[in-house]
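One structure below.
The values are calculated or read from the model by the stated rules, or taken from the named source; none is laboratory data. Note that this is a predicted model, so its numbers are computed, not measured. Backbone-built Cβ (ideal geometry, glycine too); neighbour counts: all protein chains shown. These accessible areas exclude ligands, DNA and RNA; they are computed on the full protein's heavy atoms, side chains included. Shrake-Rupley method; radii C 1.70, N 1.55, O 1.52, S 1.80 Å.
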Amino acid sequence: MAALNYHHLRYFWAVAHEGSLTGAAARLNVAQSSLSVQIKTLEERLGHALFERRGKHLVLTEAGRIALDHADAIFDLGEDLLATLAEAGTAQRSVFRVGAVSTLSRNFQLSFLRPLLDRMDVEVVIRSGRLGPLLQALEAHQLDVVLANTLPPRDAASPWLAHVIDDQPVSLIGTPGRVAGRADLAALVTDNALVAPTRDSSIRADFDALMDRLGLRPRLAAEVDDMAMLRLLARDDMGLAVLPPIVVQDELDSGALVEALRLPDLTESFYAITQRRRFPNPLLKALLPA
């Protein structure tokens, strides 16, 4: 097998970071046509296309993203070699890129990622945002997995795989003084203001349906699309919170909050969303169910 030509790899690396042949050619002081030929040669050597053109921009393919990860590591090690010859053997760290819906419980995220966070040879990069842009980043091979509490849109053309990671019960949670040992759902809802997720949440939809079946009309003090804010409102005694206990596990452990009542048949599902890839990040195996 012929050895890898690192000049070709350097040209690819420059184009990948510049996002265009024009910018990379100017940076490397070579002709654009020559640069294109060098990358084509590298693609033939690797047996995979590394870029696809979208409009005026070059976008990395899945194989291109993997090649760029390795090229980054190779050239980082080269810089280490130049800086300190004695430490040329510095261990390479693997990178795992995670997208997390901004409303997702931080405790759940930490629990899911714990097997990697405890490893010294892995760097975890977490990006928060709305589900739509995160799925676009996943499709563009900029993320390895997206964590969400709602299913992605599915149709015949969608590439998403939604792995159910956990199902958490949903409860009414408040300060000890507000709950005061009461466990009657009707009384808790009637006597207290509630803070709950917004109407586009699956928790809220199920909670509203439960209240309708029971003929109860809760008084809402706040509707919030951020679990961290719900946690703060419950802790500040703004009302009983409708949320999974895992969101406020630290407060429950310390006694600052108590679980008044688990709501019947209400759960929140947590998903790890991936897509079918020929070269999935091997670190996913440590996180997804067998």
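Here are the numbers for the structure shown:
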read-out: In segment 203-238, the residues that are in a loop (DSSP other than H, G, I, E, B) and crowded, with 16+ Cβ neighbours inside 10 Å; value: 218, 238
read-out: Verdict on residue 261 being in a strand (DSSP E or B) and closer than 18 Å to residue 178 by Cβ; value: yes
read-out: Near pairs, Cβ below 7 angstrom, 6+ apart or cross-chain, from segment 270-290 (in contact (Cβ under 8 Å) with a residue 24 or more places away in the chain) to any residue that is surrounded by 12 or more Cβ atoms within 10 Å (Cβ to Cβ) and of a type in the set (Asp, Glu); value: 270/166; 275/139; 277/62; 278/62; 279/62; 281/144; 284/144
read-out: Residue within segment 137-146 that is modelled with pLDDT of 80 or more, over 10 Å from the mean Cα position of the chain (by Cα) and open to solvent by 50 Å² or more (accessible area, probe 1.4 Å) present; value: yes
read-out: Segment 183-202: number of residues that are closer than 15 Å to residue 261 by Cα, touching a residue at least 60 places away in the same chain (Cβ under 8 Å) and either surrounded by 15 or more Cβ atoms within 10 Å (Cβ to Cβ) or under 35 Å from the mean Cα position of the chain (by Cα) (or both); value: 2
read-out: Which listed residue, of 195, 189, is at pLDDT 90 or above, in contact with a helix residue (DSSP H, G or I) (Cβ under 9 Å, 6 or more places away or on another chain) and in a helix (DSSP H, G or I); value: 189
read-out: Residue, most open to solvent (accessible area, probe 1.4 Å), within segment 20-46, restricted to residues that are under 17 Å from residue 60 (Cβ atoms) and of a type in the set (Gly, Ala, Ser); value: 36
